[in-house]
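For reference, the structure is listed below as structure tokens.
The values are calculated or read from the model by the stated rules, or taken from the named source; none is laboratory data. Keep in mind it's a predicted model, so treat the numbers as computed, not measured. Cβ placement follows ideal geometry from the backbone for every residue including glycine, while neighbour counts extend to all protein chains displayed. Areas reflect the complete protein model, heavy atoms only, side chains present, ligands, DNA and RNA absent. Shrake-Rupley method; radii C 1.70, N 1.55, O 1.52, S 1.80 Å.
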Amino acid sequence: MPLVTSKEMFAKAYNGGYAIGAFNVNNMEIVQGITEACREEHAPVILQVSKGARAYANHTYLVKLVEAAVIECPEIPIVLHLDHGPDFETCKSCIDGGFTSVMIDASSKPFEENIEITRRVVEYAHEHGVVVEAELGTLSGIEDEVNVAEGCASYTRPEEVEEFVTRTGCDSLAIAIGTSHGAYKFKPGTKPQLRFDVLHECEKRLPGFPIVLHGSSSVPQEYVEMINENGGAMPGAIGVPEDQLREASRSAVCKINIDSDLRLAMTGTIRKFFNEHPDKFDPREYLKPARANIKELVRHKLRDVLGCSGKA
Ligand code: G3H
Ligand code: 13P
Ligand code: ZN
């Protein structure tokens, strides 16, 4: 089947009490690892591309890699999504360039400005059959293009969500309930706890409407240790407990974003390989186990965290 939008996927996930995995892609091995797992698990999937990924790998290469996955995995629905679109122009370029879904992230702007920018993207996207994710509330954390200091992060205000969704016409909404981007989500020694009260308040005010969780890597300690034991230094890397993500996926949360876990699996595997084989220099030899471990990690997420195995 060709690339799809997330419309039908989210309706099924909402009613079925599971979530779709949205995994960030930056190169061929990541696309292959994710989609091979989804194919074997018969799981629908969202492959998402950030501004940083487009700068690194080039828009066309990424679109063509995802199109190749669509050909190789004809039995599963695949969405190609822009992650954290920073402005109208970037969203337009992805809408014109083959994406089926875009996120406009104006969450750091004042409420009225966020509405105005989002509304403009929605108008253009809908004219072209593309769906739009927007964001209310800000997550802390750092990636290439998204950098919000801890003190500037804020939970979503449930009393704002109805007005925001009605006035923008967006198709899904990312909310802030205590997750954050990157591998250092909670202070070591503290108990990680998402604000399910905020989630349920938003859910109540938007019946039937798909909610999105960003910053949802669980930061597997197995890979943190693998990195630290093989020359890396990531002390205190902590993620969202998987049981809380499982709980979220049973609610109105229909899309769960995971990037850092893929990075950890890839980096840990490659570091270990180099440590054990200092003589090797063929990239295929270390990218192959890295791709295999990404596949296993994604398979685990689909089965045990998102609950979307067998839902394609
Ligand atoms: O939330 C953003 C993703 O983790 C992408 O990160 O901007 O470094 O590609 P990036
Ligand atoms: P993580 O850093 O927790 O993987 O979050 C990824 C994300 O939200 C992409 O938009
Ligand atoms: Zn994000």
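Computed over the Cα atoms of the range 179-312, what is the ratio Rg over Rh, Rh following Kirkwood? My calculation of the ratio gives 1.05.
Output the Kirkwood hydrodynamic radius of the range 1-65, Cα pairs only, in Å rounded to one decimal. Could the numbers behind the result be given before it?
Values: mean 1/r = 0.0777 Å⁻¹.
Result for the range 1-65, one decimal place: 12.9 Å.
For the range 188-204 versus the range 1-76, the spacing of their alpha-carbon centroids is 27 Å.
Between helix 59-72 and the chain there is an angle of about 80 degrees, using the helix long axis and the longest principal axis of the Cα atoms. With the radius of gyration and the Kirkwood radius both derived from the Cα set of the range 241-306, what is their ratio Rg to Rh? Ratio of gyration radius to Kirkwood radius for the range 241-306: 1.13.
Distance distribution note for the range 1-117: the fraction of Cα pairs above 26 angstrom is 21%. Highest average first, the peptides 303-312, 13-22, 230-239 ordered by how many other beta carbon atoms sit within 10 Å of their residues are 13-22, 303-312, 230-239. Carbon-plus-sulfur accessible fraction, the range 2-78 (probe radius 1.4 Å, protein heavy atoms only): 56%.
Give the residue list of trypsin sites (Lys or Arg not before Pro) in the range 175-238 that are DSSP loop and have at most 16 other beta-carbon atoms within 10 angstrom.
Hits after loop and neighbour filter: Arg195.
Over the chain, average the accessible area per residue using a 1.4 Å probe and give it in Å², no decimals.
Numbers: 13390 Å² over 312 residues.
Counting only protein heavy atoms, the per-residue value for the chain is 43 Å².
Highest mean packing comes first when the peptides 248-260, 285-297 are listed by Cβ atoms within 10 Å, giving 248-260, 285-297. Length, then width, then depth: along the principal axes, the Cα atoms of the range 271-312 run 44, 16, 7 Å. Pairs of Cα atoms nearer than 8 Å and 6+ residues apart set the relative contact order; for the chain it is 23 percent. Scattering from the chain was approximated by placing one identical point on each alpha carbon and applying the Debye formula without solvent; log10 I(q)/I(0) at 0.08 1/Å stands at -0.32.
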